[in-house]
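A quick write-up on the structure given underneath.
The values are calculated or read from the model by the stated rules, or taken from the named source; none is laboratory data. Only a predicted model underlies this, so the values are computations on that prediction, with no experimental measurement involved. All Cβ positions, even for glycine, are placed from backbone atoms using ideal geometry, and neighbour counts span all protein chains on display. In case anyone asks, the SASA skips ligands and DNA or RNA and just uses the protein heavy atoms, side chains included. Shrake-Rupley method; radii C 1.70, N 1.55, O 1.52, S 1.80 Å.
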Amino acid sequence: MLVAVRSAGALHRLLDVLPVFRGDSRVVTRLTLVPGSDFDADALAAVERSGARTLPWDEALRTPHDLVLAASPKGGLHRLSGPRLLLPHGAGFNKSVDGDGSPGIPSGLDPHFLLDAAAEPWADLHALAHESQVARLVSLIPRAARRTAVVGDPTLDRVLASAHHREEYRDALGTGPRRLVAVTSTWGPESLLSRRPGLVAELTALLPYDTHQVALVLHPNQHSRIGAFDLARHLAPALAAGLVLAAPYEEWASLLVAADAVVTDHGSTALYAAALGRPVVGAYDGGDELLPDSPMAHLLAAVPSLASADGLEAALEAARQVDTRAHAAQAFACQGEALPRLRPHLYRLLGLRPPTDGSPADDDSVDAPAFPRPTRPSHRPKAFAVRAEVTGERIVVRRFPAHGRQPAHHLAAEYPGADLRQLQSATVLWRPLTEHGLHSRTAWTAEGWTARALEEYPGCRTAAAVLGRGRILVRHRTAGTMTAHVEPAEDRGRLSYPDPSVMASAVHAWLSDRTKEKTPGSPPSPAPPSTLTLVTGPVAYRVRLEPPRPDDLRYEV
């Protein structure tokens, strides 16, 4: 079997089909890179990462094959020998790409690419996801009518099979009780990243860090066009503020499963989120690519639009009133059944009977595998502009990126991770947990480091050393040294803890509020114990302040 790959995205689609053959040693797979794509460099890298044996294109043209699998009709596939099965390269056929084939014809259904030199359909089978796709194809190529089958979408089935891993994915991303907003961008001049390149940075700057997490899901062609180096440079402010940038293979889908809502352009990725029932907000500014009678056009017409980043909350509230699953059903039939439906077609084209020896391939159910855990947890910012409101023993803390323009109560910075200017300007410094190697010959105690921090940085009013989950040693320049520990919040048996650095900011704000009226020479504030209520994001925690124990003071940081 030859898997003909024109782009990284096409390869990823085809890999979702191959579990059909698991356990069947009769089927030997070879991959070939179809020449002519602007994105072939990343396609080659994706092929190499797959670990499959490859054939050069020229050799693939000379070699007889029992089956050819492809997810893009371009690149002379009609020249390959053997039965050919063609799948869509995305969730339906929603747009037409200017300058690439026939104007106004859906990309993927263009007769210019689907007919051979004799004007005959070259694909032996079009394995499509919905009856409407068959009707669209037959309206363009009537002779293809007998060469179609509605099988569903193998990638959607993996998304659905992953739904019960949602909490696992959110844990891997460090989401916690925050709302995860996934921003999705297709490729090309009308994409969100091209039209509104600053939107993700605006969102990460405006949304409080402890209430929202923002992720960016890019089309694989965008990763290929821009490259990892320039992507990191272009997105640097947002990445520093905690943006999660999804990898183009598999991780994008686990992020959609983890997400609470999606902001999208006209790319079809959002249809997978819609199939999960996620609220969708449109951020497409219009153009010529989106086909008016497509599932994505219907979805975008039904959901609210995002004119600017500061309108996200209102748009999300309106989006929750839209039944997105109904719109996804226009693109995906046979949900959860794609591999069992594909299986007999694939074996028929191969000229083989499916196994009957009890091997995994002998299972008619052919379950779609779930996606793995995300491997790119968000970068936690090294500095925050902190707003703190103190009312008695209750402290409400909201944190924003330090580089933003939000008014703040104080600047908090991580030592030594923040840059020098932030360390010198910070009112609150915190030192995270570190792992000392076996060969480390020196270490600070929590008592020693907090005292040193106040000496080294005159602008610092509070230094905090993290002692463990939910426990910090705090040294305030006026109020002295104390230990703060938090009681985890519980929601239906699931515990959550605040970021230790937000505890440091809360304790600082409360101590500063208690001491701000004191004049020089007045007696010190009463010593703890005290119990505070820390509100950060959607959760309230009880924080207990106590005199430090000797073990706390001597804790190695």
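General remarks:
- Accessible area (Å², per residue) of the stretch 1-42, counting only protein heavy atoms and a probe of 1.4 Å: 35
- Cβ-Cβ distance of Ala301 and Ala135, R₀ of 25 Å, FRET efficiency by 1/(1 + (r/R0)^6): the value works out to about 0.75.
- Pairwise label distance in nanometres, Arg30 with Leu553, each label 7 Å out on the Cα-Cβ vector: 7.5
- Zone of Arg405's modelled label, taken as backbone nitrogen in the stretch 265-307 under 11 Å from a point 7 Å along Cα→Cβ: none
- In range of the label at Leu352: residues from the stretch 15-55 whose backbone nitrogen is under 14 Å from the point 7 Å along Cα→Cβ: 18-30
- Translational diffusion of the chain, µm² s⁻¹ [Kirkwood Rh, Cα pairs; Stokes-Einstein; 37 °C; 0.692 mPa s]: 125
- Pair-distance profile P(r), taking every C-alpha pair of the stretch 366-434, with 10 angstrom steps and integer %: 18, 37, 23, 11, 8, 3, 0
- Inter-label distance, Arg179 to Asp285: 2.5 nm, where each label sits 7 Å from its Cα along the C-beta direction.
- Full-extension gain in nm, Arg441 to Thr531, via 0.36 nm per residue minus C-alpha separation: 28.6 nm
- Extension gain, Asp230 to Asp171: 0.36 nm times the residue separation minus the Cα-Cα distance gives 18.4 nm.
- Our analysis of the stretch 411-512 gives Rg over Rh at 1.00, with the two radii drawn from alpha carbon positions and Rh computed by the Kirkwood formula.
- Accessible area per residue for the stretch 50-143, computed on protein heavy atoms with a 1.4 Å probe, is 43 Å².
- 222 nm mean residue ellipticity, helices alone, for the chain (DSSP H n ≥ 4; -39,500 (n - 2.57); rounded to 500): -8000 deg cm²/dmol
- The stretch 235-257 and the stretch 118-174 have their alpha-carbon centroids 25 Å apart.
- Rh (Kirkwood; distinct C-alpha pairs) - the stretch 207-295, Å: 14.4
- Multiplying the residue separation of Arg53 and Ser81 by 0.36 nm and subtracting their alpha-carbon distance yields 8.2 nm.
- The share of alpha-carbon pairs in the stretch 122-219 lying farther apart than 19 Å comes to 64%.
- Between the residues Pro279, Leu245, Leu312, the greatest Cα displacement towards the positive end of the dipole of the stretch 179-314, with unit charges on the Cβ of Lys, Arg, Asp and Glu, is found for Leu245.
- Using the Cβ-Cβ distance between Gln424 and Glu317 with R0 set to 41 Å, the FRET efficiency works out to roughly 0.50.
- Convex hull per residue volume in Å³, alpha carbons only, for the stretch 274-404: 245
- Carbon + sulfur, % of accessible area of the stretch 285-346 - ligands and nucleic acids excluded, 1.4 Å: 49
- Accessible surface of the stretch 154-217 [probe 1.4 Å, protein heavy atoms]: carbon and sulfur percent: 60
- Span-rule helices in the chain, defined as complete DSSP H runs reaching 20 Å or more along the axis (Cα) with Kyte mean at least -0.5: 500-515
- Accessible carbon and sulfur surface of the stretch 369-435 relative to its total accessible area, %, 1.4 Å: 47
- Share antiparallel - DSSP beta bridges, the chain, percent rounded to 5: 50
- Charged side chains reduced to their Cβ positions (Lys and Arg at +1, Asp and Glu at -1) give the stretch 1-49 a dipole of some 240 debye around its Cα centre.
- Taken over the C-alpha atoms, the stretch 1-97 has Rg and Dmax values of 12.8, 40 angstrom.
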